[in-house]
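The values are calculated or read from the model by the stated rules, or taken from the named source; none is laboratory data. Please read all numbers here as calculations on a predicted model, not as lab measurements. For neighbour counting, all protein chains shown are included, and Cβ atoms are generated from backbone atoms with ideal geometry for every residue, glycine included. These area figures cover heavy atoms from the full protein model, side chains too; ligands, DNA and RNA do not enter into them. Shrake-Rupley method; radii C 1.70, N 1.55, O 1.52, S 1.80 Å.
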Amino acid sequence: MLDDFLIRAALAGLALSVAAAPLGCFVVWRRLAYFGEAVSHSAILGVALALALSIAPIWGALAVAAGMAVAVALLDARGLPDAILGTLSHGALAAGLVALSLSGARVDPSAFLFGDVFGVARQDLAGLWMGAALVAALLAWRWRRLLTSTLDADLARATGIDPRREGLILSLALAVAVAMAIEVVGALLTVAMLIIPATAARGLARSPEGMVVAAALIGAASVGLGLAASLAFDTPGGPSIALSAAALFALTLPLRRS
Amino acid sequence: MTKLIEAHALRLDRGGRTVLSDIDFAIAAGEIVTLVGPNGSGKSSLVRALIGALEPAGGTVRRAAGLRIGYVPQSMAAGSAMPLTVRRFLSLPEPRTDAEAEAALAAAGAEGLGPASLGALSGGQLQRVLLARALAGAPDLLILDEPTASLDQPGAAALYQTIERVRRDAGCAVLMVSHDLHVVMAASDRVICLNGHICCEGAPHVVADAPAYRALFGSGTGGALALYQHDHDHSHDHDHDHGHGHGRDGERCEAVAGPRGA
């Protein structure tokens with residue numbers, strides 16, 4: 001059954017939903033949408049480097065996204081003005097597109113900008129689910145410390161937590177999710193898969209854990225709906241998934257608690 | 001007396017500018033110390049250095065081994081983005097039993113707020129919940145950074161009464177930053193007046209009379225201070241047993257006051 005391209009696409013999308021749900025919640029809680037965008041756009045540059053070096057694009061995306069995430073986290077992601085993050089983000093995207101064309105590889109950039117969810121191969125699935133497990137394990141391990149330092153950095157300090165270290169761990173987990181997302185929804189729609197399910201879940205949840213679970217369910221439903229729509233209307237897979245997430249967000253609006 | 005936190009020759013820089021220098025500071029078990037000073041005088045920076053959130057540019061900060069700090073920040077930014085009940089908040093990062101949580105909420109005057117959503121609290125309720133969270137860890141030292149900054153006057157007065165009761169019952173040391181001079185000074189064992197450096201320190205009445213203090217805050221608060229000084233005299237008689245050496249502190253105030261007052 002795994003040979004079926006539709007099942008592979010669904011499993012890839014589910015792996016991304018699992019990783020994106022807790023990370024997306026932190027992106028919403030910490031107001032890191034611009035930070036997430038800078039990291040995901042930088043992944044295109046990583047793809048170009050990987051193609052030039054003839055290695056799998058996902059490793060290049062992971063390395064450059066991790067470098068960008070750690071650099072911005074060390075510069076204090078929460079303190080950087082939006083304009084600076086926007087400059088980094090779009091500078092990285094432009095550099096990536098230029099590098100792609102210079103790399104001489106005969107690839108269509110849109111595969112990395114919007115993903116190629118129906119092109120996910122069987123061996124990619126193992127990598128995607130390992131990435132999802134890694135992100136989930138990392139965040140579960142640091143959960144209370146991450147929540148505390150998200151609420152207030154000084155409050156965390158006073159209880160012996162180093163909020164900068166927690167921020168770095170979160171950045172690395174984000175880089176993993178970004179590398180995973182390249183294949184599924186692409187670099188341009190990665191942030192959509194992070195923030196839309198989490199924002200939809202915010203209105204429904206009473207606890208941080210509840211918000212993560214709700215975000216994962218909404219993400220998974222977006223994948224199912226998006227893939228079905230993509231087949232029915234012959235639309236691109238990644239954008240159809242992101243659009244489904246936005247539609248689900250709109251549907252949750254009347255249910256919001258606050 | 002056991003020193004809970006000690007700082008020696010501490011210097012703090014913010015954005016390449018020195019905001020505090022020559023800070024020698026210590027707080028002992030059970031002591032109430034208040035930091036006062038104008039805006040930008042380095043009060044919050046000093047507190048952040050003491051809890052380890054700000055690296056000293058010079059000098060040292062030493063915390064007693066195993067010191068439990070209950071920290072009450074001025075406000076909390078992420079309070080509304082995360083769905084969180086007050087009860088759950090009390091269990092971050094250390095899990096607390098229901099009994100511990102209820103006792104802490106009651107002590108902070110926040111009974112019944114457990115099921116409430118953190119984002120739905122009023123400013124006064126949030127301060128009480130932050131205080132409850134700090135108390136739930138049975139702290140040796142309670143640190144409050146301008147706890148009444150966002151409260152109206154009756155709210156501030158009620159919160160100060162709660163803090164006084166808490167400290168009587170729990171017996172922990174208290175370090176409080178405030179600009180509500182007339183209210184807080186009365187309850188303090190020691191007042192430290194900051195303005196880029198320690199410009200005077202000592203028992204409340206010593207500081208209130210110090211020229212350096214009057215130069216910073218003017219005489220406008222004189223009447224109010226006198227009023228609360230009276231409170232201080234009858235409700236905190238035991239203060240006179242502390243070995244602070246009022247005379248020495250007084251001298252320090254005069255000595256440092258000279259150049260500042262000019």
### Query
For the range A:14-45, which residues satisfy the criterion of being charged (D, E, K, R) and either open to solvent by less than 10 Å² (accessible area, probe 1.4 Å) or within 14 Å of chain B (Cβ to nearest Cβ) (or both)?
A:ARG30, A:ARG31
### Task
Might you let me know whether the range A:103-116 holds any residue that is assigned to a helix (DSSP H, G or I) and over 19 Å from the mean Cα position of the chain (by Cα)?
no
### Message
Give me the helices (runs of 4 or more DSSP H) completely within the range B:28-108, filtered to those with at least 1 residues that are open to solvent by less than 40 Å² (accessible area, probe 1.4 Å) and within 14 Å of chain A (Cβ to nearest Cβ), ordered by residue number.
### Response
B:43-50, B:86-90
### Query
within 27 Å of A:GLY86 (Cβ to Cβ) and of a type outside the set (Ser, Thr, Tyr) - does that describe any residue in the range A:219-228?
yes
### Query
What are the residues in the range A:141-152 that are within 7 Å of chain B (Cβ to nearest Cβ) and part of a helix (DSSP H, G or I), if any?
A:ARG144, A:ARG145, A:LEU147, A:THR148, A:THR150, A:LEU151
### Query
If you go through the range A:46-59 one residue at a time, how many are open to solvent by 10 Å² or more (accessible area, probe 1.4 Å), part of a helix (DSSP H, G or I) and not aromatic (Phe, Trp, Tyr)?
5
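Yes or no, residue by residue, for (1) outside any helix (DSSP H, G or I); (2) hydrophobic (A, V, I, L, M, F, W, C); (3) surrounded by fewer than 15 Cβ atoms within 10 Å (Cβ to Cβ):
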{"residue": "A:ILE84", "(1), (2), (3)": "no, yes, yes"}
{"residue": "A:THR87", "(1), (2), (3)": "no, no, yes"}
{"residue": "A:LEU93", "(1), (2), (3)": "no, yes, no"}
{"residue": "A:LEU139", "(1), (2), (3)": "no, yes, no"}
### Task
Specify the residue that is most open to solvent (accessible area, probe 1.4 Å); the eligible residues are those in the range A:178-213 that are more than 18 Å from A:ALA15 (Cβ to Cβ) and without any contact (Cβ under 8 Å) to a residue 60 or more places away in the chain.
A:ARG206
### Task
Could you tell me which numbered condition A:LEU128 fails, if it satisfies all but one of (1) open to solvent by less than 20 Å² (accessible area, probe 1.4 Å); (2) within 14 Å of chain B (Cβ to nearest Cβ); (3) in contact (Cβ under 8 Å) with a residue 12 or more places away in the chain?
(2)
### Query
Mind checking whether some residue in the range A:170-177 is at pLDDT 95 or above, crowded, with 24+ Cβ neighbours inside 10 Å and farther than 14 Å from A:GLY36 by Cα?
no
#### Entry: From A:ILE182, A:ILE169, A:ILE218, residue being touching a Pro at 6+ places or on another chain (Cβ under 8 Å), within 19 Å of A:MET130 (Cβ to Cβ), among the aliphatic types (A, V, I, L, M) and more than 9 Å from every other protein chain (Cβ to nearest Cβ)
A:ILE182
